[in-house]
Amino acid sequence: KNEVEQSPQNLTAQEGEFITINCSYSVGISALHWLQQHPGGGIVSLFMLSSGKKKHGRLIATINIQEKHSSLHITASHPRDSAVYICAAPTQGGSEKLVFGKGTKLTVNP
Amino acid sequence: ETGVTQSPTHLIKTRGQQVTLRCSSQSGHNTVSWYQQALGQGPQFIFQYYREEENGRGNFPPRFSGLQFPNYSSELNVNALELDDSALYLCASSLNPGGDNEQFFGPGTRLTVL
């Protein structure tokens, strides 16, 4: 069974700061997901990556398959980035069952 | 192209009752996964349906059951509700099964069991 750990659990930043959220997993996987959840509850898929790096606007996700570690970076953070960020990985390989981290609650103050 | 929708948005039930939650997949998606998210926790995988068949199940008792219809919409049924079933229930659709397919989430149904 894959264990997915995220850090930090809570993160407070000032507007404009560079943010890093970390995710580690215990079993080799085919892809890792980064998700964003706003207070209303809805979840948005930010990235799905299996190697290297992906960028979308101010968001960058990286993954190191050998070290079983992924990071989500936010450049020039903004109060609207305040949300819970969750990483998720299959229980093993390309299994249909996703295991989720507990999430990182990010608060960006103006 | 419409996104994933869920109904109802909120629901209040009492212990022992039964509930049915509904999910409409994104157009062209044949796979639906259901998740339970307790307050302050990450989502937990309940089960997945692919082309109307159950395709994997998490650690949930048999009173959690589901259906997928020919149009790939889906239902989650929970019998004999317990207080601990209070949670946000999320469904997500994807083009295909497998954890290497991007999942598109609905807004969730918040269930409260009294």
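The values are calculated or read from the model by the stated rules, or taken from the named source; none is laboratory data. All figures in this text were calculated on a predicted structure; none of them were measured in a lab. We place every Cβ from the backbone using ideal geometry, glycine too, and count neighbours over all the protein chains shown.
Residue-wise test of (1) surrounded by fewer than 22 Cβ atoms within 10 Å (Cβ to Cβ); (2) within 14 Å of chain B (Cβ to nearest Cβ); (3) on the phi > 0 side of the Ramachandran plot.
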residue	(1), (2), (3)
A:Thr20	yes, no, no
A:Ala31	yes, yes, no
A:Phe47	no, yes, no
A:Lys55	yes, no, no
A:Leu59	yes, no, no
A:Asn64	yes, no, no
A:Asp81	yes, no, no
A:Val84	yes, yes, no
A:Glu96	no, yes, no
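So which residues in segment B:30-55 are more than 19 Å from B:Leu88 (Cβ to Cβ) and surrounded by 19 or more Cβ atoms within 10 Å (Cβ to Cβ), if there are any at all? Quick ask: steps written out before the conclusion?
Residues of segment B:30-55 more than 19 Å from B:Leu88 (Cβ to Cβ): B:30-31, B:49-55.
B:Thr31, B:Tyr49, B:Tyr50 - these are the residues of segment B:30-55 that are more than 19 Å from B:Leu88 (Cβ to Cβ) and surrounded by 19 or more Cβ atoms within 10 Å (Cβ to Cβ).
Based on this model, can you work out whether B:Leu111 counts as more than 16 Å from B:Tyr50 (Cα to Cα), at the interface with another protein chain (Cβ under 9 Å from one of its Cβ atoms) and not in a loop (DSSP other than H, G, I, E, B)? Steps first, please.
Working: more than 16 Å from B:Tyr50 (Cα to Cα): yes; at the interface with another protein chain (Cβ under 9 Å from one of its Cβ atoms): no; not in a loop (DSSP other than H, G, I, E, B): yes.
No: the conditions fail for B:Leu111.
Considering only residues that are over 12 Å from B:Gln37 (Cα atoms) and either more than 10 Å from chain A (Cβ to nearest Cβ) or aromatic (Phe, Trp, Tyr) (or both), which ones fall in segment B:88-108?
Residues satisfying the conditions are B:Ser93, B:Leu95, B:Phe104, B:Phe105.
Right, B:Gln6: surrounded by 19 or more Cβ atoms within 10 Å (Cβ to Cβ) and within 18 Å of A:His33 (Cβ to Cβ) or not? Walk me through how you get there before you give the answer.
Numbers: surrounded by 19 or more Cβ atoms within 10 Å (Cβ to Cβ): yes; within 18 Å of A:His33 (Cβ to Cβ): no.
Against the criterion (surrounded by 19 or more Cβ atoms within 10 Å (Cβ to Cβ) and within 18 Å of A:His33 (Cβ to Cβ)), B:Gln6 does not qualify.
Quickly run through segment A:98-110 and pick out the residues that are within 14 Å of another protein chain (Cβ to nearest Cβ) and assigned to a strand (DSSP E or B).
Correct list: A:Leu98, A:Val99, A:Phe100, A:Thr104, A:Lys105.
State whether one or more residues within segment B:50-60 are part of a loop (DSSP other than H, G, I, E, B), closer than 29 Å to A:Thr104 by Cα and modelled with pLDDT of 95 or more.
Taking every residue of segment B:50-60 in turn, at least one turns out to be part of a loop (DSSP other than H, G, I, E, B), closer than 29 Å to A:Thr104 by Cα and modelled with pLDDT of 95 or more.
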